Each structure stands twice: as structure tokens, then as C-alpha cells.
1. Using the 2.2 N^0.38 Å rule of thumb for compact globular proteins, work out how the stretch 131-256 stacks up: its C-alpha Rg over that value, please.
2. Might you work out the accessible area of Thr154 for me, using a 1.4 Å probe with all protein chains in place, and round it to the nearest 10 Å²?
3. With viscosity set to 1.002 mPa s and temperature to 20 °C, compute the Stokes-Einstein D of the stretch 164-216, Rh being the Kirkwood radius across alpha carbon pairs; µm²/s, no decimals.
4. At 10 °C and 1.306 mPa s, grab the translational diffusion coefficient of the stretch 13-74 from Stokes-Einstein with a Kirkwood Rh over Cα pairs, rounded to a whole number in µm² per second.
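The values are calculated or read from the model by the stated rules, or taken from the named source; none is laboratory data. Because the structure is predicted, anything quoted here is derived from the model rather than measured. All accessible areas refer to the heavy atoms of the entire protein, side chains included, with ligands and DNA or RNA removed. Shrake-Rupley method; radii C 1.70, N 1.55, O 1.52, S 1.80 Å.
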Amino acid sequence: MPGKNFALRTTSEETAAIADARISDLAHRLARQLQESPASPVSGDPAYPLTLLHVLDQLQQATERLQRQAATDAARAGAGYPQIGAACDMTRQGARRRWPGLFHHSNEKPTEHPTMTSPARPFDVLLVEDDIADAMLIEEALSERGTRNLVQVTDGVAALEHLRAPGAVRPDLIVLDLNMPRMNGQDLLKVLKTDNDLQTIPVVVLTTSTAPDDVTGAYTSHANAYVTKPVNLDEFEQAVQSIDAFYLDTATRPRP
């Protein structure tokens, strides 16, 4: 499960000193090999330092590719962005920006397809959200509580198509944004809560809007809860996890 603790056996300074020494040795050996000369470079000749610079640039690119693979492997093994960031001396937000999409192991934006399979528990969440960044944050927050079958769609029309598709899995929870194209969250909520087959699915509105009309409108349309998206990333994650914990762990869910 993401969030496991781990500890490096060296400090950042010790690791940096070891890495610098090894990379320097490797770069010099590669540079001499490219020049096909084991002799020491001639002082004042720019050929060798330019060759060394070229080698170091290639090593940097190789390191970036290997770091991406290592970050993906760490995510698959259960590490979250906080742990991945700590391993690289950066914040969780920095790790997320550098390696987006680790939890569905793709550089593609979230779309209308399942992004997590083989759940430890049969929890199915439908996320109706058109903001890519917010969708990734929600996916990460859910993954840190345990595996979820998460399906993300980008508007109300796509949500209804998914819910009414033959053989579609009934979600345990719908997390709904308000401001979306084609059919917005308020209109989708009205449809859901007047549909005999769908009205018992818990729907939590998760939106940036604090407008009283939006809040009143959501509850008038029988939203189960209305949560305003916090600006702070840690608070955003906590809000999503609180929703998940209550509706999927604490509350008794209706039987299909």
C-alpha cells in the first residue's frame, strides 16, 4: 500500500559524494574510450573536455530515463509521491510534477477508462471530473488508502453513458465536480437522483465553488455531501481521503 516507511542508509551528502566519484570515474573512462586514447589529456586542448562534456550530457539523459523507471517501479511496489519525492530530496508536489501519472503507469491524461484494477476490496468509484490535475490528485489520494476501481469521466453525458452501459459495474460512490462541459454537475445530479436505478448511489460534490446557490442547489437535488476543494494540496488529499473513509469504510452501503 502506498505510504510505507523506508529509510536510506546514508545521508544525502554521503550519497552525493559517492555518486560524484563513481560518475566522474565512469565519465572519464568513457571519454578516453571515445577518443581511443588511454593517455592523459593534453593540457590546453579543448577536445578532451568537450568529449567529457558530451559524455556527461548523455549520462544525465540516461539518468533521467532510469529515474522515471525507478519512480514507476516504486509506485508499483507501494510507494506514494511523498516517499518518491523524499528519495530525490524534493517535495511530494515536486515529484508529482516531475513524474505525473505514476499510479496508472502512463504519461497519458486520465480519461474514460479504469485506471486501477484487481482491488483488495470491491470498492468502485466513479469520478466525474474534467480537470486533469485535480483528477490525478484525487486518484493519488484514493490510492494511498488502498486500491480502488477508479473510473474517471469528463462530464455528465459520459457519466450517464458509463452508468447505463450494458453490464456496467454499479459504483459504490460517485465523486462529482460541478463545472464541466456538455452536462454540468448540477444537471447530472438532478438526473441521478430522479433515476430509480441510480438514485441510491451516494454522490459527493467536490468542487471549487463556495457559492451559496451552488451549495443549496446541490442539496436541493439530494447530493449526499458538498465538499469545497481546499487550495492546499495536503488539505485537498485529506478531504478526498475523508470522503473515501466515510462512504466506503464507515457508512453502510445499499445492496445492489
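1. Values: Rg = 13.8 Å, N = 126, 2.2 N^0.38 = 13.8 Å.
Its radius of gyration relative to the 2.2 N^0.38 Å reference: 1.00.
2. My reading of the accessible area for Thr154 is about 40 Å².
3. 176 µm²/s
4. The estimated diffusion coefficient comes to 121 µm²/s.
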